[in-house]
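K.L.:
First, the structure itself, so that you have it in front of you.
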Amino acid sequence: MTINRRDFVKVLGASAAVGAAGIPFIAHAGKKARVVVVGGGYAGATCAKYLTIYEPDIDVTLIEQNQKFYSCPLSNEVLAGERKLDTLRFGYDGLRNRGINVVYDKVTDVDPAAKKVKTGGGKSFGYDYLVVGPGISFVPGAIEGYDEAAAEKMPHAWKAGPQTALLRKQVEGMKNGGVVMISAPPNPFRCPPGPYERAAQIAHYLKHHKPKSKVIIMDAKDRFSKQGLFTEGYNMFYKDMIEWRSAADDGSVVGVDAANGVLMTEFDEHTPDVANIIPPQRAGEIAVNAGLTDDSGWCPVNQRNFESTLHKSVYVIGDACIAGKMPKSGYAANSQGKVAAADIASRANGMKMPEPSYVNTCYSLITPEHGISVAMVYELKDGKIVGVKGSGGLSPMGADPAVREAEAVYARSWYHNITADIFG
Ligand SMILES: Cc1cc2nc3c(=O)[nH]c(=O)nc-3n(C[C@H](O)[C@H](O)[C@H](O)COP(=O)(O)OP(=O)(O)OC[C@H]3O[C@@H](n4cnc5c(N)ncnc54)[C@H](O)[C@@H]3O)c2cc1C
């Protein structure tokens, strides 16, 4: 199916991610543009889907290493025993039904000069545009002794799936009076409010099943996202159950002895009953190996369209990219996927993408009925993504319980809507 330029402009203009329209001729007349998307998560799957909406006359191949995707958003509810892991699981039939060529394989090599990617399964795919949305990887050696084997004893559960199930099993198996220690990473990292929501969710379970227990957050930072709202919630529901140790208070975990269950800080050692280590992070491995990262470990991009500043015709979206003031969140990744798709569809039509706008909201659940949030609309100013003044903000402090209850409802409704938007 082909759409004419007027229809294309209409479709693009209807998207929440873009505004007014652009100009000139059809660049790929007679030849379909080929787009390869690496990674079928919040960013990559969105981009693949929206490419087929903005420009049905593009060949889209999505290469994802797992046949099922597990959502990190709402995975902390699994740790609380409030949600089953399989409610976080998604397949790719919806995208396949849209005409996307979904390939289950791991991309092992990117050759930007030859415009080709190779997979572990021995396949090779040529592209006109490559979109890389691999999420995060953990900085090797950043926490001494913490590697894949250690993660089987001290789970990170920062990529949802078996790690989430393992951490839940450990919390469930812990004695009443035990200590769960969560090691929170330095900035920037995936989901800034995530470790603090996790502390609340685990405390919620412990309060009702093992009330003599404690959760201690060991932090590599001296401040954290939505700190006032979290502290208010902790005091309200988990007084004396959750303790936060800042970096200045020797909270930063620098090493582990996984075999003996020990966490090391600069001046001390701790032996909790359950250790959840969330290590320092950088862009997903394939982005690092493909030379898409800078010294920060993240991928610099043109923040207008997410094209890499290091390799032409390669886009990096989601947690892996440096996106100005946008946090590393699923909603941000979804928004970026749409902008990148709009840019590629525009280029394939020989047009300039309309001025983009971007959006994010992050909900956190302190109890199943007590939600808080931070929201923002973003715009491009002097080449950088910045928040639009007055467009968002935090939930109010000291709000009525009905407000918190409504936010908990919005959190679950957000999850339902965004996953339908991505995988449906
Ligand atoms: C506990 C927790 C709670 C969270 N809660 C929220 C929330 O409430 N709201 C929110 O907005 N965000 C939340 N987030 C953040 C959100 O999960 C991430 O920001 C989001 O998943 C980023 O999307 P992404 O596409 O960049 O990465 P991902 O969603 O992780 O997708 C990356 C995909 O790429 C694949 N991949 C990687 N490398 C390769 C390769 N070489 N070949 C093939 N495939 C590959 C992976 O298998 C994966 O499927 C939370 C995160 C955590 C950990």
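The values are calculated or read from the model by the stated rules, or taken from the named source; none is laboratory data. No experiment lies behind these values; they were computed from the predicted model shown. All Cβ positions, even for glycine, are placed from backbone atoms using ideal geometry, and neighbour counts span all protein chains on display.
K.L.:
Which count do you get for residues in region 301-323 that are crowded, with 20+ Cβ neighbours inside 10 Å, touching a strand residue (DSSP E or B) at 6+ places or on another chain (Cβ under 8 Å) and on the phi > 0 side of the Ramachandran plot?
P.N.:
Residues flagged as crowded, with 20+ Cβ neighbours inside 10 Å, touching a strand residue (DSSP E or B) at 6+ places or on another chain (Cβ under 8 Å) and on the phi > 0 side of the Ramachandran plot within region 301-323 amount to 1.
Residue-by-condition table, conditions (1) near the ligand (Cβ under 9 Å from one of its atoms); (2) in a loop (DSSP other than H, G, I, E, B):
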position: Thr108; (1), (2): yes, no
position: Ala113; (1), (2): no, yes
position: Lys118; (1), (2): no, no
position: Phe125; (1), (2): no, no
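K.L.:
Now for a separate question. Being surrounded by fewer than 24 Cβ atoms within 10 Å (Cβ to Cβ) and within 14 Å of the ligand (Cβ to nearest atom) narrows it down to one of Met351, Met326, so name that one.
P.N.:
The unique qualifying residue is Met326.
K.L.:
Which residues, taken from region 121-140, are free of Cβ contacts under 8 Å to residues at least 60 places away in the same chain and under 22 Å from the mean Cα position of the chain (by Cα)?
P.N.:
The one that is free of Cβ contacts under 8 Å to residues at least 60 places away in the same chain and under 22 Å from the mean Cα position of the chain (by Cα): Pro140.
K.L.:
Taking region 77-93 as the region of interest, how many residues are touching a residue at least 40 places away in the same chain (Cβ under 8 Å) and either over 21 Å from the mean Cα position of the chain (by Cα) or closer than 30 Å to Tyr196 by Cα (or both)?
P.N.:
The total comes to 10.
K.L.:
Anything in region 64-87 that is in contact with a helix residue (DSSP H, G or I) (Cβ under 7 Å, 6 or more places away or on another chain) and in a helix (DSSP H, G or I)? List them, or say none.
P.N.:
Hits for region 64-87 are Asn76, Glu77, Val78, Leu79, Leu85.
K.L.:
Additional query: Say we look at region 93-106 and pick out the residues that are within 16 Å of the ligand (Cβ to nearest atom) and not in a strand (DSSP E or B); which of these is nearest to Val36 (Cα to Cα)?
P.N.:
Step by step, filter region 93-106, then rank; the result is Ile100.
K.L.:
In this structure, is Thr61 modelled with pLDDT of 95 or more, among the β-branched types (Val, Ile, Thr) and not in a strand (DSSP E or B)?
P.N.:
no
K.L.:
Now for a different question. Here are some conditions: (1) within 24 Å of the chain's Cα centre (by Cα); (2) over 30 Å from Asp109 (Cα atoms). Ala283 meets all but one. Which one does it not meet?
P.N.:
Among (1) within 24 Å of the chain's Cα centre (by Cα); (2) over 30 Å from Asp109 (Cα atoms), Ala283 violates only (2).
Residue-by-condition table, conditions (1) more than 29 Å from Met351 (Cα to Cα); (2) of a type in the set (S, T, N, Q):
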site	(1), (2)
Lys31	no, no
Gly41	no, no
Pro56	no, no
Gln67	yes, yes
Gly81	yes, no
Thr87	yes, yes
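K.L.:
What tally of residues in region 388-423 results from selecting those that are within 16 Å of the ligand (Cβ to nearest atom) and in contact (Cβ under 8 Å) with a residue 40 or more places away in the chain?
P.N.:
Total satisfying the criteria: 14.
K.L.:
Can you pull out every residue in region 168-198 that is in a helix (DSSP H, G or I) and away from the ligand (no atom under 11 Å from the Cβ)?
P.N.:
Those that are in a helix (DSSP H, G or I) and away from the ligand (no atom under 11 Å from the Cβ): Arg168, Lys169, Gln170, Val171, Glu172, Gly173.
K.L.:
A follow-up question, please. Between a first residue in region 309-325 that is assigned to a loop (DSSP other than H, G, I, E, B) and a second residue that is among the polar types (S, T, N, Q) and crowded, with 19+ Cβ neighbours inside 10 Å, which pairs have beta carbons less than 8 Å apart while being 6 or more apart in sequence or on different chains?
P.N.:
Pairs found: Ile317/Gln336; Ala323/Gln303; Ala323/Gln336; Gly324/Gln303.
K.L.:
List every residue pair whose Cβ atoms lie under 6 Å apart, where the two residues are 6 or more positions apart in sequence or sit on different chains, the first residue falls within region 103-115 and is of a type in the set (A, V, I, L, M), and the second residue, located anywhere, is in a strand (DSSP E or B) and near the ligand (Cβ under 7 Å from one of its atoms).
P.N.:
Going by the 6 Å Cβ cut-off, the qualifying pairs are Val103/Ile63; Val107/Val38; Val107/Ile63.
K.L.:
For region 152-164, enumerate the residues that are crowded, with 17+ Cβ neighbours inside 10 Å and within 14 Å of the ligand (Cβ to nearest atom).
P.N.:
Scanning region 152-164 gives Pro155, His156, Ala157, Trp158, Lys159, Ala160, Gly161, Gln163, Thr164.
K.L.:
I would also like to ask the following. Condition (residue is of a type in the set (Asp, Glu), over 30 Å from Gly387 (Cβ atoms) and in a helix (DSSP H, G or I)) applied to region 258-274: is it met by at least one residue?
P.N.:
no
K.L.:
Can I ask one more? Only one residue in Val288, Val254 is surrounded by fewer than 22 Cβ atoms within 10 Å (Cβ to Cβ), touching a residue at least 60 places away in the same chain (Cβ under 8 Å), within 30 Å of Thr119 (Cα to Cα) and of a type in the set (A, V, I, L, M, F, W, C). Which one?
P.N.:
The conditions single out Val288.
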